[in-house]
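Notes follow once the structure below has been shown.
The values are calculated or read from the model by the stated rules, or taken from the named source; none is laboratory data. Just so you know, these numbers come straight off a predicted model, no measurement behind them. Cβ placement follows ideal geometry from the backbone for every residue including glycine, while neighbour counts extend to all protein chains displayed. In case anyone asks, the SASA skips ligands and DNA or RNA and just uses the protein heavy atoms, side chains included. Shrake-Rupley method; radii C 1.70, N 1.55, O 1.52, S 1.80 Å.
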Amino acid sequence: MKKWVKRLGVLLLGICIVVYFWLGEEMKQGVQPAANGAATYMIVLGAKVNPGGVPSLSLKNRLEEAVKYLNKYPHVKVIVSGGQGADEDRTEASVMLKYLQDNGIDTNRILVENQSTSTYENLLFSKELLPKGTKEITILSNDFHLKRAKYLAESLGFEVDVVAAKTPKSVEVKLNLRERAALLKTYIIGY
């Protein structure tokens with residue numbers, strides 16, 4: 001094999017390693033600024049729903065944080081955002097709505113966005129439910145996901161603070177790898 005091919009391979013591998021670690025650092029920054037009740041509206045981003053309307057661990061962690069936050073800040077209204085994936089028997093938003101209701105959150109505080117199939121659509125379609133001119137929002141998602149969610153929300157004109165839910169250990173490695181690729185794609189093409 002020619003030396004230049006080996007050198008090019010080593011160079012490309014080095015670039016991949018640098019980009020991998022850089023994206024990891026970017027993701028860590030997603031958990032700031034932490035929400036303090038200043039925004040009137042919070043958007044809880046959807047995640048996988050298992051058969052029978054059982055929230056995945058990621059979604060359950062998000063919903064537990066949502067209940068805590070909404071109880072702490074009773075003036076905040078919430079949008080539950082998530083459509084129905086091909087492998088789901090109901091919308092993510094319907095499962096989130098039921099969970100919040102079952103945990104004492106007044107239905108009058110909950111808005112439902114049930115058409116989205118991506119993080120970008122979660123935010124875009126949720127924006128349509130907000131009063132005109134709303135700029136400040138709180139986004140709630142798992143910690144690994146917040147950097148990209150904030151980036152996308154800011155591209156739609158929002159000022160964002162966040163509530164970070166823990167990522168389940170059982171899927172942490174897989175989700176962190178997948179999110180690095182999604183974040184890189186978002187930086188390159190914008191959504």
Quick one: which residues, 5+ away or cross-chain, put their amide H under 5 Å from the amide H of residue 111? H built at 1.01 Å from N. 78, 79, 80
Alpha-carbon spread of the stretch 1-73, three principal axes, descending order, Å: 64, 36, 14
Sequence-distant residues sharing a close amide H with residue 89 (under 5 Å, placed H): 52, 53
Hey, what's the Cα Rg ratio for the chain versus the globular rule of thumb, 2.2 N^0.38 Å? 1.12
Using a probe radius of 1.4 Å on heavy atoms only, what accessible surface per residue do you get for the stretch 41-191? Whole Å² is fine. 47
Within 10 Å of each candidate Cβ there may be at most 11 other Cβ atoms; applying that plus a DSSP loop requirement, which trypsin sites (Lys or Arg not before Pro) in the stretch 18-112 survive? none
From Cα pairs below 8 angstrom and at least 6 apart in sequence, can you work out the relative contact order of the chain, rounded to a whole percent? 27
How large is ³J(HN,Hα) for each residue in the stretch 160-167, as worked out from phi by the Karplus curve 6.51 cos²θ - 1.76 cosθ + 1.60 (θ = phi - 60°), to whole Hz, x for Gly and Pro? 10, 10, 9, 10, 9, 9, 5, 8
Which of the lysines could a cross-linker bridge to residue 2, judged by Cα under 23 Å and excluding same-chain residues fewer than eight apart? none
Sequence order, the stretch 71-79: Karplus ³J(HN,Hα) from phi using 6.51 cos²θ - 1.76 cosθ + 1.60, θ = phi - 60°, Hz rounded, Gly and Pro as x, gives 6, 6, 10, x, 7, 7, 9, 10, 10
What residues have an amide H closer than 5 Å to that of residue 165, excluding those fewer than 5 places away on the same chain, when H is modeled at 1.01 Å from N in the peptide plane? 141, 142, 143
Tabulate in residue order the Karplus-calculated ³J(HN,Hα) for the stretch 138-145, using 6.51 cos²θ - 1.76 cosθ + 1.60 with θ = phi - 60°, rounded to whole Hz; enter x for Gly and Pro. 10, 10, 10, 7, 6, 3, 5, 9
Checking the table 28/169; 98/169; 68/135; 135/185; 6/185; 98/132 against a 21 Å threshold on Cα-Cα, which pairs fail? 98/169; 68/135; 135/185; 6/185; 98/132
Roughly speaking, what is the centre-to-centre gap between the stretch 149-163 and the stretch 90-109 when only Cα atoms are used, to the nearest Å? 23
